[in-house]
1. Can you give me the number of residues within region 197-222 that are of a type in the set (Phe, Trp, Tyr) and not in a helix (DSSP H, G or I)?
2. Just the residues that are under 28 Å from Ile250 (Cα atoms) and part of a helix (DSSP H, G or I), please, taken from region 291-304.
3. Of all residues in region 187-196, which are outside any loop (DSSP other than H, G, I, E, B), surrounded by 17 or more Cβ atoms within 10 Å (Cβ to Cβ) and without any contact (Cβ under 8 Å) to a residue 40 or more places away in the chain?
4. Starting from region 33-46, keep only residues that are within 18 Å of Leu174 (Cβ to Cβ), then list their pairs with residues that are crowded, with 16+ Cβ neighbours inside 10 Å and of a type outside the set (A, V, I, L, M) whose Cβ atoms are within a distance under 7 Å, requiring at least 6 positions of separation or different chains.
5. What is the one condition in (1) in a loop (DSSP other than H, G, I, E, B); (2) of a type outside the set (Val, Ile, Thr); (3) out of contact with any helix residue (DSSP H, G or I) (no Cβ under 8 Å at 6 or more places or on another chain) that Ala37 does not satisfy?
6. Quick check on Asp287: is it farther than 30 Å from Leu218 by Cβ and not in a helix (DSSP H, G or I)?
7. Report the residue count in region 257-267 for those that are modelled with pLDDT of 95 or more and touching a Pro at 6+ places or on another chain (Cβ under 8 Å).
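The values are calculated or read from the model by the stated rules, or taken from the named source; none is laboratory data. Computed from a prediction, not measured in an experiment: that's the story for all the values here. All Cβ positions, even for glycine, are placed from backbone atoms using ideal geometry, and neighbour counts span all protein chains on display.
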Amino acid sequence: MKLSVLLTKGYRLLSLAAIVDVFETANRFLESEGKAAFFDLHMVGKDKESSLPDSFQEYAYFEFSDPELQSDAMIIPAFANREMEKNISNNLMFLPFLQQKYQEGTLLASLCTGSFLLAASGLLNGKNATTHLEATDKFEAAFPEVNLLPHAIITESENIYTGGGATSSFHLKLYLIQKFCGRELAVRVAKNFAVDLDRNNQLYFDQFKPHLSEDDALVRTVQTLINERYFDIKNVEEVLEEVPSSRRNIIRRFKQATGITPIRYLQKTKIEAAKTLLETTDKDIPDVMISSGYNDMKNFRNLFKSLTGLTPSRYRDKYGMRLS
(Lines give C-alpha, C1' and ligand atoms only; values in the text may rest on other atoms or scores of the structure.)
Protein backbone atom coordinates (compact mmCIF):
# COMPACT_ATOMS: atom_id res chain seq x y z
CA MET A 1 0.00 0.00 0.00
CA LYS A 2 1.37 3.39 -1.01
CA LEU A 3 0.67 5.36 2.16
CA SER A 4 1.07 9.14 1.90
CA VAL A 5 1.37 11.48 4.85
CA LEU A 6 0.21 14.99 3.99
CA LEU A 7 2.60 17.56 5.43
CA THR A 8 0.23 20.44 5.97
CA LYS A 9 1.55 23.81 7.01
CA GLY A 10 1.48 23.77 10.80
CA TYR A 11 1.25 20.00 11.26
CA ARG A 12 2.17 18.57 14.66
CA LEU A 13 5.53 16.81 14.48
CA LEU A 14 4.52 14.38 17.21
CA SER A 15 1.50 13.34 15.13
CA LEU A 16 3.76 12.68 12.13
CA ALA A 17 6.21 10.71 14.27
CA ALA A 18 3.41 8.54 15.65
CA ILE A 19 2.15 7.74 12.13
CA VAL A 20 5.62 6.70 11.01
CA ASP A 21 6.32 4.73 14.19
CA VAL A 22 3.07 2.73 14.12
CA PHE A 23 3.15 1.75 10.44
CA GLU A 24 6.88 1.04 10.45
CA THR A 25 6.34 -1.19 13.48
CA ALA A 26 3.68 -3.08 11.55
CA ASN A 27 6.15 -3.49 8.68
CA ARG A 28 8.87 -4.69 11.06
CA PHE A 29 6.59 -7.32 12.58
CA LEU A 30 5.61 -8.56 9.12
CA GLU A 31 9.25 -8.81 8.07
CA SER A 32 10.12 -10.68 11.28
CA GLU A 33 7.66 -13.36 10.10
CA GLY A 34 9.30 -13.59 6.70
CA LYS A 35 6.63 -11.52 4.98
CA ALA A 36 7.00 -8.40 2.87
CA ALA A 37 6.49 -4.97 4.39
CA PHE A 38 2.98 -3.81 3.52
CA PHE A 39 3.05 -0.03 4.02
CA ASP A 40 5.16 2.02 1.61
CA LEU A 41 5.39 5.31 3.50
CA HIS A 42 6.14 8.58 1.76
CA MET A 43 5.61 12.27 2.46
CA VAL A 44 3.64 14.83 0.46
CA GLY A 45 3.95 18.59 0.84
CA LYS A 46 3.49 21.89 -0.97
CA ASP A 47 7.17 22.70 -1.54
CA LYS A 48 9.50 21.22 -4.14
CA GLU A 49 12.00 20.16 -1.49
CA SER A 50 11.35 18.49 1.84
CA SER A 51 11.99 20.49 5.01
CA LEU A 52 11.61 17.48 7.28
CA PRO A 53 14.05 16.80 10.15
CA ASP A 54 16.98 14.51 9.36
CA SER A 55 15.31 11.53 11.00
CA PHE A 56 12.61 11.56 8.27
CA GLN A 57 14.89 12.07 5.28
CA GLU A 58 14.87 8.36 4.42
CA TYR A 59 11.27 8.64 3.24
CA ALA A 60 10.46 9.62 -0.32
CA TYR A 61 9.04 13.11 -0.64
CA PHE A 62 6.69 14.42 -3.35
CA GLU A 63 5.38 17.85 -4.09
CA PHE A 64 1.59 17.53 -4.01
CA SER A 65 1.31 18.58 -7.67
CA ASP A 66 3.85 15.96 -8.81
CA PRO A 67 2.16 13.80 -11.50
CA GLU A 68 4.24 10.82 -10.39
CA LEU A 69 2.67 10.82 -6.91
CA GLN A 70 0.68 7.65 -6.29
CA SER A 71 -1.38 7.18 -3.14
CA ASP A 72 -3.58 4.29 -2.12
CA ALA A 73 -4.21 6.01 1.20
CA MET A 74 -3.44 9.46 2.59
CA ILE A 75 -3.30 10.52 6.23
CA ILE A 76 -3.67 14.09 7.45
CA PRO A 77 -1.87 14.56 10.80
CA ALA A 78 -3.05 16.80 13.61
CA PHE A 79 -2.29 20.50 13.61
CA ALA A 80 0.19 21.89 16.12
CA ASN A 81 -2.11 24.66 17.35
CA ARG A 82 -5.85 25.28 17.80
CA GLU A 83 -6.12 28.29 15.46
CA MET A 84 -8.24 26.34 13.02
CA GLU A 85 -9.32 29.23 10.78
CA LYS A 86 -5.66 30.12 10.30
CA ASN A 87 -4.68 26.48 9.74
CA ILE A 88 -7.29 26.08 7.03
CA SER A 89 -6.35 29.39 5.41
CA ASN A 90 -2.69 28.34 5.31
CA ASN A 91 -3.57 25.05 3.60
CA LEU A 92 -6.19 26.07 1.04
CA MET A 93 -3.98 24.77 -1.79
CA PHE A 94 -4.60 21.20 -0.55
CA LEU A 95 -8.42 21.31 -0.77
CA PRO A 96 -8.74 20.66 -4.54
CA PHE A 97 -5.92 18.12 -4.19
CA LEU A 98 -7.82 16.14 -1.54
CA GLN A 99 -10.98 16.27 -3.64
CA GLN A 100 -9.08 14.97 -6.66
CA LYS A 101 -7.40 12.16 -4.71
CA TYR A 102 -10.73 11.08 -3.27
CA GLN A 103 -12.30 11.00 -6.73
CA GLU A 104 -9.38 8.81 -7.85
CA GLY A 105 -10.24 6.30 -5.11
CA THR A 106 -7.62 7.21 -2.53
CA LEU A 107 -8.55 6.37 1.05
CA LEU A 108 -8.45 9.56 3.12
CA ALA A 109 -7.91 9.63 6.87
CA SER A 110 -7.47 12.46 9.36
CA LEU A 111 -6.05 12.32 12.85
CA CYS A 112 -7.28 14.58 15.65
CA THR A 113 -7.67 18.19 14.38
CA GLY A 114 -6.60 17.15 10.87
CA SER A 115 -10.34 16.59 10.38
CA PHE A 116 -10.77 20.36 9.98
CA LEU A 117 -8.94 20.27 6.66
CA LEU A 118 -11.02 17.33 5.44
CA ALA A 119 -14.19 19.17 6.45
CA ALA A 120 -13.04 22.35 4.70
CA SER A 121 -12.73 20.34 1.48
CA GLY A 122 -16.45 19.52 1.65
CA LEU A 123 -15.71 15.79 1.54
CA LEU A 124 -17.19 15.26 5.02
CA ASN A 125 -20.53 16.91 4.27
CA GLY A 126 -23.31 14.49 5.16
CA LYS A 127 -20.80 12.08 6.71
CA ASN A 128 -19.87 11.18 10.28
CA ALA A 129 -16.67 12.65 11.70
CA THR A 130 -14.80 13.05 14.96
CA THR A 131 -11.95 15.25 16.18
CA HIS A 132 -10.19 16.35 19.35
CA LEU A 133 -12.72 16.93 22.12
CA GLU A 134 -11.51 20.45 22.86
CA ALA A 135 -12.13 21.38 19.22
CA THR A 136 -15.66 19.98 18.86
CA ASP A 137 -17.49 23.27 19.48
CA LYS A 138 -15.40 25.06 16.85
CA PHE A 139 -15.90 22.18 14.44
CA GLU A 140 -19.69 22.13 14.83
CA ALA A 141 -19.90 25.90 14.38
CA ALA A 142 -17.68 25.88 11.29
CA PHE A 143 -19.08 22.78 9.57
CA PRO A 144 -22.80 22.34 10.36
CA GLU A 145 -23.25 20.01 7.37
CA VAL A 146 -20.94 17.40 8.91
CA ASN A 147 -22.39 14.91 11.38
CA LEU A 148 -19.89 15.36 14.19
CA LEU A 149 -19.76 12.55 16.77
CA PRO A 150 -17.77 14.01 19.70
CA HIS A 151 -17.74 10.67 21.55
CA ALA A 152 -16.41 8.64 18.62
CA ILE A 153 -12.88 7.24 18.58
CA ILE A 154 -13.09 6.42 14.86
CA THR A 155 -15.55 7.18 12.08
CA GLU A 156 -15.71 5.51 8.68
CA SER A 157 -17.86 6.66 5.79
CA GLU A 158 -17.40 5.98 2.07
CA ASN A 159 -13.61 5.53 2.17
CA ILE A 160 -13.05 8.50 4.50
CA TYR A 161 -11.89 7.95 8.07
CA THR A 162 -11.47 10.32 10.99
CA GLY A 163 -9.84 9.67 14.34
CA GLY A 164 -10.28 11.26 17.75
CA GLY A 165 -7.84 13.42 19.64
CA ALA A 166 -4.41 12.68 21.07
CA THR A 167 -4.00 8.97 21.94
CA SER A 168 -7.39 8.16 20.42
CA SER A 169 -5.75 8.69 17.02
CA PHE A 170 -3.76 5.50 17.64
CA HIS A 171 -7.01 3.58 17.30
CA LEU A 172 -7.50 4.77 13.74
CA LYS A 173 -3.98 3.75 12.77
CA LEU A 174 -4.54 0.34 14.36
CA TYR A 175 -7.92 0.04 12.64
CA LEU A 176 -6.27 0.58 9.26
CA ILE A 177 -3.65 -2.05 10.07
CA GLN A 178 -6.43 -4.47 11.01
CA LYS A 179 -8.38 -3.63 7.85
CA PHE A 180 -5.51 -4.37 5.50
CA CYS A 181 -3.27 -6.78 7.45
CA GLY A 182 -5.58 -8.55 9.89
CA ARG A 183 -6.58 -8.46 13.54
CA GLU A 184 -3.59 -10.44 14.76
CA LEU A 185 -1.08 -7.87 13.54
CA ALA A 186 -3.18 -4.96 14.86
CA VAL A 187 -3.28 -6.52 18.33
CA ARG A 188 0.46 -7.11 18.27
CA VAL A 189 1.12 -3.48 17.35
CA ALA A 190 -1.38 -2.28 19.98
CA LYS A 191 0.45 -4.24 22.67
CA ASN A 192 3.76 -2.80 21.50
CA PHE A 193 2.42 0.74 22.07
CA ALA A 194 0.47 -0.19 25.24
CA VAL A 195 -2.86 0.80 23.66
CA ASP A 196 -6.08 -0.59 25.14
CA LEU A 197 -8.31 -1.61 22.27
CA ASP A 198 -11.53 -1.60 24.33
CA ARG A 199 -11.86 2.20 24.23
CA ASN A 200 -15.11 3.10 22.49
CA ASN A 201 -15.67 6.60 23.83
CA GLN A 202 -13.47 9.66 24.26
CA LEU A 203 -15.93 11.96 26.03
CA TYR A 204 -14.51 11.31 29.49
CA PHE A 205 -11.22 12.93 28.41
CA ASP A 206 -12.92 16.27 27.87
CA GLN A 207 -11.92 19.22 30.05
CA PHE A 208 -14.20 22.23 29.95
CA LYS A 209 -11.88 25.16 30.65
CA PRO A 210 -13.27 27.97 28.45
CA HIS A 211 -11.51 31.29 28.07
CA LEU A 212 -13.43 34.45 28.88
CA SER A 213 -14.41 36.35 25.76
CA GLU A 214 -11.97 39.17 25.06
CA ASP A 215 -13.98 40.83 22.31
CA ASP A 216 -17.50 40.90 23.74
CA ALA A 217 -18.08 42.38 27.20
CA LEU A 218 -21.70 41.18 27.27
CA VAL A 219 -20.65 37.57 26.67
CA ARG A 220 -17.88 37.90 29.22
CA THR A 221 -20.44 39.06 31.79
CA VAL A 222 -22.63 36.00 31.20
CA GLN A 223 -19.62 33.69 31.43
CA THR A 224 -18.46 35.30 34.68
CA LEU A 225 -21.91 35.02 36.29
CA ILE A 226 -22.11 31.32 35.40
CA ASN A 227 -18.51 30.59 36.45
CA GLU A 228 -18.98 32.22 39.85
CA ARG A 229 -22.54 31.11 40.68
CA TYR A 230 -23.19 27.87 38.76
CA PHE A 231 -23.98 25.96 42.00
CA ASP A 232 -26.85 28.37 42.81
CA ILE A 233 -28.24 28.82 39.30
CA LYS A 234 -31.27 26.63 38.63
CA ASN A 235 -31.65 27.62 34.97
CA VAL A 236 -29.92 29.94 32.56
CA GLU A 237 -32.85 32.39 32.49
CA GLU A 238 -31.75 33.60 35.94
CA VAL A 239 -28.49 34.73 34.39
CA LEU A 240 -29.94 36.25 31.23
CA GLU A 241 -32.34 38.39 33.29
CA GLU A 242 -29.35 40.13 34.88
CA VAL A 243 -27.80 41.14 31.58
CA PRO A 244 -29.03 44.40 29.96
CA SER A 245 -29.88 43.03 26.54
CA SER A 246 -32.56 40.96 24.84
CA ARG A 247 -32.49 37.20 25.29
CA ARG A 248 -32.18 36.66 21.56
CA ASN A 249 -29.24 39.04 21.25
CA ILE A 250 -27.40 37.46 24.18
CA ILE A 251 -27.81 33.93 22.86
CA ARG A 252 -26.71 34.93 19.36
CA ARG A 253 -23.61 36.74 20.56
CA PHE A 254 -22.77 34.09 23.15
CA LYS A 255 -22.84 31.28 20.59
CA GLN A 256 -20.84 33.34 18.15
CA ALA A 257 -18.14 33.98 20.76
CA THR A 258 -18.00 30.56 22.45
CA GLY A 259 -19.42 28.12 19.92
CA ILE A 260 -22.16 26.96 22.31
CA THR A 261 -25.35 28.33 23.84
CA PRO A 262 -25.53 29.75 27.39
CA ILE A 263 -27.59 26.69 28.43
CA ARG A 264 -24.88 24.32 27.24
CA TYR A 265 -22.22 26.47 28.87
CA LEU A 266 -24.04 26.24 32.20
CA GLN A 267 -24.49 22.48 31.88
CA LYS A 268 -20.85 21.91 31.03
CA THR A 269 -19.71 24.16 33.89
CA LYS A 270 -21.82 22.24 36.42
CA ILE A 271 -20.69 18.84 35.14
CA GLU A 272 -17.05 19.92 35.11
CA ALA A 273 -17.44 20.88 38.77
CA ALA A 274 -18.95 17.45 39.49
CA LYS A 275 -16.06 15.74 37.70
CA THR A 276 -13.54 17.64 39.81
CA LEU A 277 -15.31 16.59 43.02
CA LEU A 278 -15.37 12.96 41.88
CA GLU A 279 -11.67 13.13 41.05
CA THR A 280 -10.44 14.88 44.19
CA THR A 281 -12.85 14.16 47.07
CA ASP A 282 -14.58 11.22 48.70
CA LYS A 283 -18.00 12.94 48.71
CA ASP A 284 -20.81 10.54 47.92
CA ILE A 285 -22.70 10.97 44.64
CA PRO A 286 -25.73 12.84 46.11
CA ASP A 287 -23.38 15.38 47.74
CA VAL A 288 -21.50 15.80 44.48
CA MET A 289 -24.81 16.37 42.70
CA ILE A 290 -25.93 19.07 45.14
CA SER A 291 -22.51 20.77 45.24
CA SER A 292 -22.49 21.09 41.46
CA GLY A 293 -25.93 22.69 41.38
CA TYR A 294 -28.42 19.86 40.78
CA ASN A 295 -31.17 18.46 42.97
CA ASP A 296 -32.60 15.71 40.78
CA MET A 297 -30.50 12.54 40.64
CA LYS A 298 -32.01 11.19 37.44
CA ASN A 299 -31.44 14.45 35.60
CA PHE A 300 -27.92 14.74 36.99
CA ARG A 301 -26.95 11.18 36.02
CA ASN A 302 -28.43 11.49 32.52
CA LEU A 303 -26.65 14.77 31.81
CA PHE A 304 -23.39 13.53 33.32
CA LYS A 305 -23.44 10.44 31.12
CA SER A 306 -24.37 12.40 27.99
CA LEU A 307 -21.36 14.69 28.48
CA THR A 308 -18.81 12.11 29.67
CA GLY A 309 -20.01 8.77 28.36
CA LEU A 310 -19.85 7.38 31.91
CA THR A 311 -22.04 7.36 34.99
CA PRO A 312 -20.73 9.38 37.96
CA SER A 313 -19.70 6.20 39.80
CA ARG A 314 -17.84 4.80 36.79
CA TYR A 315 -16.13 8.15 36.27
CA ARG A 316 -14.93 8.05 39.89
CA ASP A 317 -13.66 4.49 39.36
CA LYS A 318 -11.56 5.75 36.47
CA TYR A 319 -10.25 9.03 37.88
CA GLY A 320 -11.03 9.12 41.59
CA MET A 321 -8.57 9.40 44.47
CA ARG A 322 -6.76 6.20 45.43
CA LEU A 323 -4.75 5.44 48.51
CA SER A 324 -2.51 2.94 46.73
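1. Matching residues across region 197-222 total 1.
2. Result: Ser291, Asn299, Phe300, Asn302, Leu303, Phe304.
3. Of everything in region 187-196, just one residue is outside any loop (DSSP other than H, G, I, E, B), surrounded by 17 or more Cβ atoms within 10 Å (Cβ to Cβ) and without any contact (Cβ under 8 Å) to a residue 40 or more places away in the chain, namely Ala190.
4. Note: pairs meeting the criteria are Ala37/Asn27; Phe38/Asn27; Phe38/Phe180; Phe38/Cys181; Phe39/Phe23; Phe39/Asn27; Leu41/Phe23.
5. Every condition holds for Ala37 apart from (3).
6. Details: farther than 30 Å from Leu218 by Cβ: yes; not in a helix (DSSP H, G or I): no.
In short, no.
7. 1
Yes/no per residue for (1) in contact with a Leu (Cβ under 9 Å, 6 or more places away or on another chain); (2) surrounded by fewer than 16 Cβ atoms within 10 Å (Cβ to Cβ); (3) more than 18 Å from Ser110 (Cα to Cα):
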residue	(1), (2), (3)
Lys35	no, yes, yes
Val44	yes, no, no
Glu49	no, yes, yes
Pro53	yes, yes, yes
Tyr59	yes, yes, yes
Glu63	yes, yes, yes
Ser71	yes, no, no
Ala78	yes, no, no
